[in-house]
Amino acid sequence: MIENYEHHITKSIRSLYKKRLSAPIIYLIFLIFIWFYFGVFSVLFPSRISNSDSLEILYKKHESYIHTTLENLYFTGYTRNLGSHTTGYYYYTMRDGDCLVVLLSPSTCEEGIPEITEIEISARIVSGSTATYQDLLTQLSKDLDWTKEGICSQLSRYYLSEPDFRPLTTNILIVFLIVSGIYAGLNIITSLLYLAFPHFAPPCRQLAHFGKPKELLALAEEELATLPQLATEDMFITEHFFIETSNYGIAIVPIKEIIWIYKHSTLHKFFWYHFSISYTLHITANHHVYIQCPKNIKSDIDGIMDYLAEANHDILIGFNEKNRLAVQKMQGTPLQIEKFLALLKKRF
């Protein structure tokens, strides 16, 4: 029974990019969840709040990054230190009837001036359950000759920290989220484009080296649908083309443009147990086109290589130094550099 290969290349391109849609879509959904659940948006665009806004409600809504104006701040005499470096100065002020602790950056408070009449800051709402805040309350209760429970009843359960508003690690995380989100979005857009217009996909665009991609794709489809000269599970030879349609990638190259083919084997093992050997077909064509067909069986690759050698007597067969230098001379640039660049371009 002759298998039906009508529009096989186009269907394979669509199938490949349909599979590639799932990963960026899942990642983008995860990113959106992280963005809103953890309030990343508020880091970039902090909410301006007044004295009547509840810090507890904002904290629980994951809107911890805020911008506000405070009045009549008094230095507690305590600082937050990292080693020998002072990272912040603790002040207190009255806010909507509660005593609020505020950690200010050294530059903001001029390294601990006793009193600040008014200040406008961007800060992060931090829960009072942190160890540093509890240590501060312990020290303040001793200074005032109060119990810790007594001072806790007079202070807000949350404090504002200016140094924690946007530390370096947060900035790095935000940049990573934005860049990776853009990358995932572009992957989704390009995959949808290739699903709608397969002739725009990279395997077809590569045909531009040899002619008009859309016309060459149509010719390859016609030859494959009519009668392929040789067919394996995912590699085909027609009258004028070598075609690969595997899970690892899709390639179409005119046989007359191929200048070198060879294979190499890969031994697959688990610890000391060798369980299989697979073979990869390497094809080099004019205009620095490199194709790899991995994880094939030896008989399939040998059949492809024999047929290509018969179809184009100018093709160099086998990996050796003589062939490598000959191809390097034909390509005009160092072979290894070109192969490395091709590897970067190829999407597995």
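The values are calculated or read from the model by the stated rules, or taken from the named source; none is laboratory data. Just so it is clear, the structure is predicted and the values come from calculations on it, not from any experiment. Methodologically, a virtual Cβ is constructed for each residue, glycine included, from the backbone with ideal geometry; neighbour enumeration extends over all protein chains shown. Note: areas computed on protein heavy atoms with side chains; ligands, DNA, RNA excluded. Shrake-Rupley method; radii C 1.70, N 1.55, O 1.52, S 1.80 Å.
General observations
- Selected residue (criterion: surrounded by the fewest Cβ atoms within 10 Å (Cβ to Cβ)) from residues of the range 210-234 that are touching a His at 6+ places or on another chain (Cβ under 8 Å) and among the small types (G, A, S): A225
- Here I57 passes the criteria (1) in contact (Cβ under 8 Å) with a residue 24 or more places away in the chain; (2) aliphatic (A, V, I, L, M); (3) open to solvent by 90 Å² or more (accessible area, probe 1.4 Å) except the one numbered (1).
- The set of residues in the range 114-130 being open to solvent by 50 Å² or more (accessible area, probe 1.4 Å) and part of a loop (DSSP other than H, G, I, E, B) consists of P114, S129.
Here is a yes/no grid of residues against (1) under 20 Å from T170 (Cα atoms); (2) of a type in the set (G, A, S); (3) touching a strand residue (DSSP E or B) at 6+ places or on another chain (Cβ under 8 Å); (4) in a helix (DSSP H, G or I):
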| site | (1), (2), (3), (4) |
| --- | --- |
| F41 | yes, no, no, yes |
| S52 | no, yes, no, no |
| E56 | no, no, yes, yes |
| H62 | yes, no, no, no |
| L70 | no, no, yes, no |
| R80 | yes, no, yes, no |
| T87 | yes, no, yes, no |
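- I66 vs. criteria on the phi < 0 side of the Ramachandran plot, aliphatic (A, V, I, L, M), touching a Pro at 6+ places or on another chain (Cβ under 7 Å) and buried (at least 18 other Cβ atoms within 10 Å of the Cβ): yes
- Selected residue (criterion: nearest to A123 (Cα to Cα)) from residues of the range 36-47 that are crowded, with 17+ Cβ neighbours inside 10 Å and hydrophobic (A, V, I, L, M, F, W, C): V43
- Restricting attention to the range 162-186, the residues being buried (at least 17 other Cβ atoms within 10 Å of the Cβ), in a helix (DSSP H, G or I) and of a type in the set (A, V, I, L, M, F, W, C) number 1.
- Taken over the range 303-334, the residue count meeting the criterion of being surrounded by 13 or more Cβ atoms within 10 Å (Cβ to Cβ) and closer than 28 Å to Q229 by Cα is 14.
- Just so you know, in the range 193-214 the residues that are assigned to a loop (DSSP other than H, G, I, E, B) and of a type in the set (F, W, Y) include one that is nearest to G249 (Cα to Cα), and it is F197.
Every residue, every condition in (1) among the aromatic types (F, W, Y); (2) within 17 Å of the chain's Cα centre (by Cα), yes or no:
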| residue | (1), (2) |
| --- | --- |
| V175 | no, yes |
| S191 | no, yes |
| F210 | yes, no |
| A225 | no, no |
| I237 | no, no |
| F241 | yes, no |
| S246 | no, no |
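- Of residues in the range 143-161 being assigned to a strand (DSSP E or B) and not hydroxyl-bearing (S, T, Y), the one surrounded by the most Cβ atoms within 10 Å (Cβ to Cβ): L160
- Evaluating L155 against the criteria (1) of a type in the set (A, V, I, L, M, F, W, C); (2) touching a strand residue (DSSP E or B) at 6+ places or on another chain (Cβ under 6 Å); (3) farther than 25 Å from L73 by Cβ leaves one unmet condition, (3).
- The range 235-265, residues that are buried (at least 21 other Cβ atoms within 10 Å of the Cβ), free of Cβ contacts under 8 Å to residues at least 60 places away in the same chain and farther than 18 Å from H287 by Cα: T238, E244
- Test: residue in the range 261-277 that is β-branched (V, I, T), at pLDDT 90 or above and part of a strand (DSSP E or B): yes
- Among residues of the range 93-113 that are touching a residue at least 40 places away in the same chain (Cβ under 8 Å), those with a Cβ under 6 angstrom from a residue that is among the hydrophobic types (A, V, I, L, M, F, W, C), sequence gap 6+ or separate chain, pair up as C99/L155; V102/L160.
- Of L207, L140, all but one fail to be at pLDDT 90 or above, crowded, with 19+ Cβ neighbours inside 10 Å and touching a helix residue (DSSP H, G or I) at 6+ places or on another chain (Cβ under 7 Å); the exception is L207.
- D143 vs. criteria over 40 Å from the mean Cα position of the chain (by Cα), under 22 Å from N51 (Cα atoms) and not aromatic (F, W, Y): no
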